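J.: Have a look at this one.
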Amino acid sequence: MLTTPNWRMSFPGLSGISDEVSRLLDQRARSAKLSAGSRIFGPGKPAENLLLLVSGTVRVQQLSDAGREIVLYRVHAGESCVLTTACLLAFEDYSAEGIAETDVEAILIPRATFDEIMAASREFRAFVFEAYSRRITDLFMVIEEIAFKRMDIRVAQKLLDLKDSQSLLHLTHQQLAVELGTAREVISRQLKEFERRGWLSLRRGVVELTNLAAIERLAEAP
């Protein structure tokens, strides 16, 4: 049983649910804290709870039959995991894995409670399906990028997305390849070309962006 009902303030979409549904969630949901690097779910495992993230970041990624990984999306604070939602609705096992990218705190709503509230509360259904439809749109954008967008543009965009306040990325070529769903060799070639142009500097496990303006121009190219 949750003893801090104000957890719902982290999820604006739940503001309209009835007092009865709120009490039911407080009685049956539970909180969980996981350390960075924890595997939250994986392929072939059933979805037992709806996951609502209060703090931290969860990375959802998939491994192809050929052994290539790709990051599908990230779940941030105030969001639910759409893959978990899909598995709960379809009574199917996970086809990807969720990794705690940072220390995370989450609210877990058991399957039985999820089914009961989905049937009883229009507001809760709206909360679930709004998040679901928004994430599906994001996934179509991922597919479009992989299928149609030039790799140099995608690399430039990802470098800008992942850089810290000092314009550094603390990750390997393989990790960046996973982010973009391609081979490490492809990323290495592209980074070496950017380094040749003077846009960045490469060290073991570190990418330093030295010409942000040039990278931004490429990232905005049609």
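J.: Tell me, which residue of region 62-84 that is of a type in the set (Gly, Ala, Ser) and touching a helix residue (DSSP H, G or I) at 6+ places or on another chain (Cβ under 7 Å) is most open to solvent (accessible area, probe 1.4 Å)?
T.: 77
J.: Within the set of pairs 6+ apart or on separate chains, which have a first residue in region 47-66 that is at positive phi, a second that is among the hydroxyl-bearing types (Ser, Thr, Tyr) and surrounded by fewer than 17 Cβ atoms within 10 Å (Cβ to Cβ), and C-beta atoms under 9 Å apart?
T.: Close Cβ pairs (under 9 Å, with a partner that is among the hydroxyl-bearing types (Ser, Thr, Tyr) and surrounded by fewer than 17 Cβ atoms within 10 Å (Cβ to Cβ)) amount to 56/102.
For (1) in contact (Cβ under 8 Å) with a residue 24 or more places away in the chain; (2) open to solvent by 50 Å² or more (accessible area, probe 1.4 Å); (3) among the aromatic types (Phe, Trp, Tyr); (4) closer than 30 Å to residue 24 by Cβ, each residue gets a yes or a no:
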position: 125; (1), (2), (3), (4): no, yes, no, yes
position: 184; (1), (2), (3), (4): no, yes, no, no
position: 187; (1), (2), (3), (4): yes, no, no, no
position: 221; (1), (2), (3), (4): yes, no, no, no
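J.: Now a separate question. Filter region 85-115 down to the residues that are part of a helix (DSSP H, G or I), over 20 Å from residue 61 (Cα atoms) and not hydrophobic (A, V, I, L, M, F, W, C), then identify the one that is least open to solvent (accessible area, probe 1.4 Å).
T.: That would be 113.
J.: Let me ask you something else. Take residue 160 and tell me if it is in a loop (DSSP other than H, G, I, E, B), touching a helix residue (DSSP H, G or I) at 6+ places or on another chain (Cβ under 8 Å) and open to solvent by less than 50 Å² (accessible area, probe 1.4 Å).
T.: For residue 160, the condition - in a loop (DSSP other than H, G, I, E, B), touching a helix residue (DSSP H, G or I) at 6+ places or on another chain (Cβ under 8 Å) and open to solvent by less than 50 Å² (accessible area, probe 1.4 Å) - is not met.
J.: Output the residues belonging to region 170-182 that are part of a helix (DSSP H, G or I) and crowded, with 19+ Cβ neighbours inside 10 Å.
T.: 173, 176, 177, 178, 179, 180
J.: OK, next. Looking at region 141-151, is at least one residue in contact (Cβ under 8 Å) with a residue 12 or more places away in the chain, within 15 Å of residue 181 (Cα to Cα), open to solvent by 60 Å² or more (accessible area, probe 1.4 Å) and in a helix (DSSP H, G or I)?
T.: yes
J.: Ok, one more. So which residues in region 132-159 are within 18 Å of the chain's Cα centre (by Cα) and either among the acidic types (Asp, Glu) or farther than 17 Å from residue 219 by Cα (or both)?
T.: Hits for region 132-159 are 132, 133, 134, 135, 136, 137, 138, 139, 140, 143, 144, 145.
J.: Residue check: is residue 214 of a type outside the set (Lys, Arg), touching a helix residue (DSSP H, G or I) at 6+ places or on another chain (Cβ under 9 Å), open to solvent by less than 40 Å² (accessible area, probe 1.4 Å) and under 25 Å from residue 75 (Cα atoms)?
T.: Against the criterion (of a type outside the set (Lys, Arg), touching a helix residue (DSSP H, G or I) at 6+ places or on another chain (Cβ under 9 Å), open to solvent by less than 40 Å² (accessible area, probe 1.4 Å) and under 25 Å from residue 75 (Cα atoms)), residue 214 does not qualify.
J.: Among the residues of region 194-206, which ones are open to solvent by less than 50 Å² (accessible area, probe 1.4 Å) and either out of contact with any Lys or Arg (no Cβ under 8 Å at 6 or more places or on another chain) or among the polar types (S, T, N, Q) (or both)?
T.: Scanning region 194-206 gives 194, 198, 199, 200, 201, 205, 206.
J.: Name every residue in region 193-213 that is among the charged types (D, E, K, R) and under 28 Å from the mean Cα position of the chain (by Cα), in order of residue number.
T.: The answer is 203, 204, 208.
J.: Follow-up. Which residue out of 86, 96 is aliphatic (A, V, I, L, M), touching a Leu at 6+ places or on another chain (Cβ under 7 Å) and modelled with pLDDT under 95?
T.: Only one candidate passes the filter, namely 96.
J.: Over 18 Å from the mean Cα position of the chain (by Cα) and at pLDDT below 90 - does that describe any residue in region 164-174?
T.: No: zero hits.
J.: If you don't mind, there's one more thing I want to ask. If residue 136 satisfies all but one of (1) in a helix (DSSP H, G or I); (2) within 26 Å of residue 169 (Cα to Cα); (3) open to solvent by 40 Å² or more (accessible area, probe 1.4 Å); (4) in contact (Cβ under 8 Å) with a residue 40 or more places away in the chain, what's the number of the condition it fails?
T.: (2)
The values are calculated or read from the model by the stated rules, or taken from the named source; none is laboratory data. All figures in this text were calculated on a predicted structure; none of them were measured in a lab. Don't worry about glycine lacking a Cβ; one is built from the backbone with ideal geometry, like all the others, and counts go over all protein chains shown. All accessible areas refer to the heavy atoms of the entire protein, side chains included, with ligands and DNA or RNA removed. Shrake-Rupley method; radii C 1.70, N 1.55, O 1.52, S 1.80 Å.
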